[in-house]
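Asker: Supplied in structure tokens, the structure appears directly below.
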Amino acid sequence: MDCFAGLDVSIDETAICVVNAAGKVMMTASVPSDPASIAAALVPYRKQLRRVGHEAGALSPWLHPGLKEMGLPVVCLETRHVRAAMSAQRNKTDAADALGIAHIMRTGWFRAAHIKTEACYRVRLVLIQRRNLKRKFLDLENTIRHSLKAFGVRLSKVGRGRFDQAVRDTAANDPLSSGLMDCMLRARAALWSEYVKLHRLVLQIVARDELCRRYLEIPGVGPVTALTFTTAIDDPLRFRRSRDVAAYFGLTSKRWQSGSSIDVQGRISKAGDPDVRHALFEAANCLLHRYKRPDRIKEWGQKLAAKKSSNKACVAIARKLAVIMHAMWKDGTCYQGAPEARPRDLVRKLYHHEAATVAASK
């Protein structure tokens, strides 16, 4: 008889539950969270196992390929589906979660999550740490600004280049404040220096990638947007239609319909990767408000902004950019909405991003 296994993975231990096709529990166990240990526990049921399910999590990029190498029919489950399926549980324990995942495998009521390649995860790690450094840098800068407000000092009109000297001049007459600000400014300078290194690494990766260079031909799309989108998709063939990409990143509206009296279409779902959604929105905003040359998407967005609002137009453009970028990747085509970009223009676009980063650090 066919068997189905559920894994509830935590940092140290993994709870395992095996059920048969009738739903009877065949085995429960708890083993270290390691592919070899999990595979060894499932050896008695190896021939009958049809599906082994685990919820997407922090260990999934390492655990899922390892279990596949062991020959297990492993499936990574989307977190929202698992949470919805097990929401009726009165008590939540690791053993109960493993049992619930095993029943999800048995019934087939699940949606598989995509596990990206190791190379893709490495590039995403560069983008994530670059973003984290920038956020910490801005948090530290805002902390300095807020601290000086207590003494009536407002630095709202001071740019990033003159910020360091402006703060030192303000606190020069107070020994305590001067010492504190020196510590904060040194930490700020160190964060910015490391951020610039990661940003240059991103530019180097984009310059070597042919697909990202094609994405730079799209007005408003910069190196960070191009690389963020590429690493979030990983494999374009996993989407049957390009318009499915917009829904995957939460850029389509939600709908609540029941009977004939209730049919509400709300705002966008905001599902999926928020970094990609933010990058696409920024690219759309740049295309709509800062790009000066003629472009078909820009003209369409301007008409929409006149009818609705600027924010809704930017969301609509971001949704269209996601569809276009996926189609370009899948078909190997170039962007046709604007005059064809020359190779020198793309080099200038990359150089502009690096020059702007270096200038801001001076």
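Asker: Given Val43, Val52, which one is out of contact with any Ser or Thr (no Cβ under 9 Å at 6 or more places or on another chain), closer than 24 Å to Asp12 by Cα and surrounded by fewer than 13 Cβ atoms within 10 Å (Cβ to Cβ)? Break it down into steps so the answer makes sense when it comes.
Answerer: Working: Val52 fails: surrounded by fewer than 13 Cβ atoms within 10 Å (Cβ to Cβ).
Residue meeting the stated conditions: Val43.
Asker: Next up: Do any strands (runs of 3 or more DSSP E) lying entirely in the stretch 1-87 carry at least 3 residues that are touching a residue at least 12 places away in the same chain (Cβ under 8 Å) and either under 24 Å from Asp234 (Cα atoms) or β-branched (Val, Ile, Thr) (or both), and which ones are they? Talk me through it step by step, then tell me what you get.
Answerer: Values: elements: 3-9, 13-20, 25-32, 49-55, 74-77.
The qualifying strands (runs of 3 or more DSSP E) are 13-20, 25-32, 49-55, 74-77.
Asker: Contact list please: Cβ distance under 8 Å, first residue in the stretch 149-167 and of a type outside the set (A, V, I, L, M), second residue part of a loop (DSSP other than H, G, I, E, B) and surrounded by 14 or more Cβ atoms within 10 Å (Cβ to Cβ), pairs at least six apart or on different chains.
Answerer: Phe163/Leu155
Asker: Further question on the same structure: List pairs: first residue in the stretch 172-191 and more than 14 Å from Glu141 (Cβ to Cβ), second residue part of a helix (DSSP H, G or I) anywhere in the structure, Cβ distance under 8 angstrom, at least six positions apart or on different chains.
Answerer: Close Cβ pairs satisfying both conditions: Ala172/Ser178; Ser178/Arg168; Leu180/Ser147; Asp182/Arg168.
Asker: Out of Lys149, Lys157, which single residue is farther than 30 Å from His199 by Cα and modelled with pLDDT under 85?
Answerer: Lys149
Asker: Follow-up. Test Arg51 against the stated conditions and say whether it is in the same structural domain as Val19 (by TED's automatic domain parsing), among the basic types (Lys, Arg) and closer than 19 Å to Val19 by Cα. Full working, then the answer.
Answerer: On the way: in the same structural domain as Val19 (by TED's automatic domain parsing): yes; among the basic types (Lys, Arg): yes; closer than 19 Å to Val19 by Cα: yes.
For Arg51, the condition - in the same structural domain as Val19 (by TED's automatic domain parsing), among the basic types (Lys, Arg) and closer than 19 Å to Val19 by Cα - is met.
Asker: Could we say that Arg293 is in contact (Cβ under 8 Å) with a residue 12 or more places away in the chain, part of a loop (DSSP other than H, G, I, E, B) and not polar (S, T, N, Q) here?
Answerer: So Arg293 passes the test.
Asker: Here's a follow-up. Kindly establish whether Ala21 is touching an Asp or Glu at 6+ places or on another chain (Cβ under 6 Å), at pLDDT below 95 and not aromatic (Phe, Trp, Tyr).
Answerer: It is true that Ala21 is touching an Asp or Glu at 6+ places or on another chain (Cβ under 6 Å), at pLDDT below 95 and not aromatic (Phe, Trp, Tyr).
Asker: Give the stretch 42-76 a look and list any residue that's touching a helix residue (DSSP H, G or I) at 6+ places or on another chain (Cβ under 9 Å), within 22 Å of Met26 (Cα to Cα) and among the aliphatic types (A, V, I, L, M), or say none.
Answerer: Val52, Leu67, Met70, Leu72, Val74, Val75
Asker: Sticking with this one: So, of the residues in the stretch 109-146 that are among the small types (Gly, Ala, Ser) and either within 16 Å of the chain's Cα centre (by Cα) or part of a helix (DSSP H, G or I) (or both), which turns out to be nearest to Lys197 (Cα to Cα)?
Answerer: The extreme case among them is Ala119.
Asker: Only one of Ser30, Ser37, Ser10 is surrounded by fewer than 19 Cβ atoms within 10 Å (Cβ to Cβ) and under 17 Å from Val75 (Cα atoms); which?
Answerer: Result: Ser10 is the single residue among Ser30, Ser37, Ser10 that is surrounded by fewer than 19 Cβ atoms within 10 Å (Cβ to Cβ) and under 17 Å from Val75 (Cα atoms).
For every residue, the table says whether it meets (1) more than 30 Å from Ile16 (Cα to Cα); (2) surrounded by fewer than 16 Cβ atoms within 10 Å (Cβ to Cβ).
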{"site": "Cys120", "(1), (2)": "no, no"}
{"site": "Val123", "(1), (2)": "yes, no"}
{"site": "Gln129", "(1), (2)": "yes, yes"}
{"site": "Asn142", "(1), (2)": "yes, yes"}
{"site": "Leu155", "(1), (2)": "yes, no"}
{"site": "Asp164", "(1), (2)": "yes, no"}
{"site": "Ala190", "(1), (2)": "yes, yes"}
{"site": "Leu198", "(1), (2)": "yes, no"}
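The values are calculated or read from the model by the stated rules, or taken from the named source; none is laboratory data. Quantities reported herein were computed from a predicted structural model and do not represent experimental measurements. Cβ: placed from backbone, ideal geometry, glycine included. Neighbour counts: every protein chain shown.
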